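The values are calculated or read from the model by the stated rules, or taken from the named source; none is laboratory data. None of these values were measured; they are calculated from a predicted model. Please note: Cβ atoms are built from the backbone with ideal geometry, for glycine as well, and neighbour counts cover all protein chains shown. The accessibility values were calculated without ligands, DNA or RNA, using every heavy atom of the protein model including side chains. Shrake-Rupley method; radii C 1.70, N 1.55, O 1.52, S 1.80 Å.
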Amino acid sequence: MSYRDIRNLIETLRVLGYPNLISMESFRSPNFPLVADLLLWLSKRFDPDTNIPPGIDTEDDRVKLIRNVAEFMAIKGNIRLNTKRLYQADGYVIKELLKITSILHEALLSNLEREDDDQIDENILDLREFDITDKISELKFSRQLAGEVTKTGSNLYNLLTKEVDLKVARHKSIARQFELSEVESGIREAIKLINVEVEETKQLIENVAATEASLDSKIEKRNVEIGRYEKRLQALKKVRPAFLDEFTALEKELEELFVRYSIRLRCLNQLEKQFAESETAQLEKQLQITLPQIQTIPLEETDENDIFLEKEEEEKKTRGTTSDRRTQPPPLIDNRSSIDFSSDTESDDLFIDRDEPELMQSDDSLGMEIASGDRRAPSGRLVGSDDDF
């Protein structure tokens, strides 16, 4: 007996609605009337139609009461009670009473939970907040249980259909009287079969032992071979081949040659680049020399007299050119002016491919033209002077 057990018993009885008061000191000494009253009240809670005699005056009445209550609890509640402790009616009876009260208390709590679930307000339940994904696992479990129930039901039905024939055979075998000789022969045959099975298992065990021995021998051989190969590997690592010195020397020489090759290749690429740049520069110079230079006269502030003189000179020039065109014969098709060289690429190639004497003659002719073109403008300045550029 403990304080916790007494407290639990008193609280459960109070929850179940026991009408009488029970103190903590009620079970310090044997109290059979209180125990009898509790047993009768609990049996009524299980089944209100029970008829257990409540007499406790004599010893026989007390024994009948304890025996009837124990039988009733074993049948109705599947509760096994210790009748000796119940008859003592002291502190040891609390554990026996707790077996009954705990079941009633659990049933009461389950009923209260169901009533609370039934009385839930409809406003609290909202279909929009209901998530069906939470019930998927339960749905799968219920389907699995339904399948198992159908399978077990079908198996049970098949077995029950065979029960008619099996019942007849069972009764025949039970009613039949076996002779001792037949029983002995059957037992001997069973013993022989068991001996055969034992021999087979022994052979299998022996085979396993043999295979283990063969595997152990193979493992040992492999270990020996591994040790031999490791020793050979260490020996080969220590041995230095004869051609290794020559190989290292050739490797160093190859590195030096590669460095030289890379330097020379860079120099060659740089020289080719410079040669190409020089060729392009020379070609540009030749083109500048061969192409005609158009002289430009800068615009300056002139007087009205100078402008009048320039107009007269231009009129004279236009008259002279028209008279020259009338007197001169028509030009040939192959004759081209020096201005056409800028537009015709073939003529440029011809000027580039000419020999040095022809270039010198062209330079002299250009020099003469420039010298003859040095004339004074109406303003008094030289037309071909360096100030124009």
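Side notes on the structure shown:
- Per residue, the range 2-43 exposes an accessible area of 55 Å² to a 1.4 Å probe, with every protein chain left in place.
- Using 0.36 nm per residue and subtracting the Cα-Cα separation, the extra length available between Lys64 and Ile79 on full extension is 3.6 nm.
- With every protein chain in place, the range 1-73: carbon and sulfur % of accessible area (1.4 Å): 48 percent
- The lysines whose alpha-carbon is closer than 26 Å to the alpha-carbon of Lys64, local same-chain residues fewer than 8 away aside, are Lys44, Lys76, Lys84, Lys95, Lys99.
- Rounded if a/c under 1.5, otherwise prolate or oblate - the range 1-48, Cα gyration tensor axes: oblate
- Selection from Leu160, Gly186, Ala175 lying farthest towards where the dipole of the range 144-204 points positive, charges on Cβ: Leu160
- Of all accessible heavy-atom area on the range 163-233, the percent that carbon and sulfur account for (1.4 Å): 59 percent
- Cα-projected label distance for Ser214 with Arg260, points at 7 Å along beta-carbon direction, nm: 6.9 nm
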